[in-house]
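The values are calculated or read from the model by the stated rules, or taken from the named source; none is laboratory data. Just so it is clear, the structure is predicted and the values come from calculations on it, not from any experiment. Cβ: placed from backbone, ideal geometry, glycine included. Neighbour counts: every protein chain shown. All accessible areas refer to the heavy atoms of the entire protein, side chains included, with ligands and DNA or RNA removed. Shrake-Rupley method; radii C 1.70, N 1.55, O 1.52, S 1.80 Å.
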Amino acid sequence: MTPGSNSQAQCDTRLREIEDRLRLLDHLAHLPVAAGSPSELEEYERQVMRTTEQLAGLITGEILQASLASETVEHEVERLVDASAKPLKKDGMQGVSVRTASGVTVRITTVYYRRKGQRGTHRRLPGLYAGVVVLGIYAHCTPAL
């Protein structure tokens, strides 16, 4: 599987999960029976909250992936890489886990940059996911988190 097809597969999976969460929310919104006790109401409310939080995280993941592919972000990534104190080069597409404000962790695919001249070394020097930095994601957390 190529990096591009891996990214598309992640996108397709997220879209299916979004559709599943939307169906579940629709089902929850149209339950024919009202809560008969405080514990039933509490469980119903918790289930709605979990589902909406998951939905928010999945939608945020889609927005992140689309943003990484946008011309604006790509232009800012080029500027960041060019301004780096140490020369950087592309090291291919890699998956990154990002925690959203809703508490859901999503996996996105982006280009990893590493220092030039690392070939043949046993120790991997630090690089960066420039697109993630441009979007304000630090320590694998979205800016809202």
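Here are the numbers for this structure:
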| read-out | value |
| --- | --- |
| Qualifying residue in the range 91-112 (condition: open to solvent by 80 Å² or more (accessible area, probe 1.4 Å), free of Cβ contacts under 8 Å to residues at least 40 places away in the same chain and under 16 Å from Cys11 (Cα atoms)) | no |
| Single residue of the range 27-86 satisfying the filter (more than 20 Å from Leu128 (Cβ to Cβ), assigned to a loop (DSSP other than H, G, I, E, B) and open to solvent by 90 Å² or more (accessible area, probe 1.4 Å)) that is modelled with the highest pLDDT | His30 |
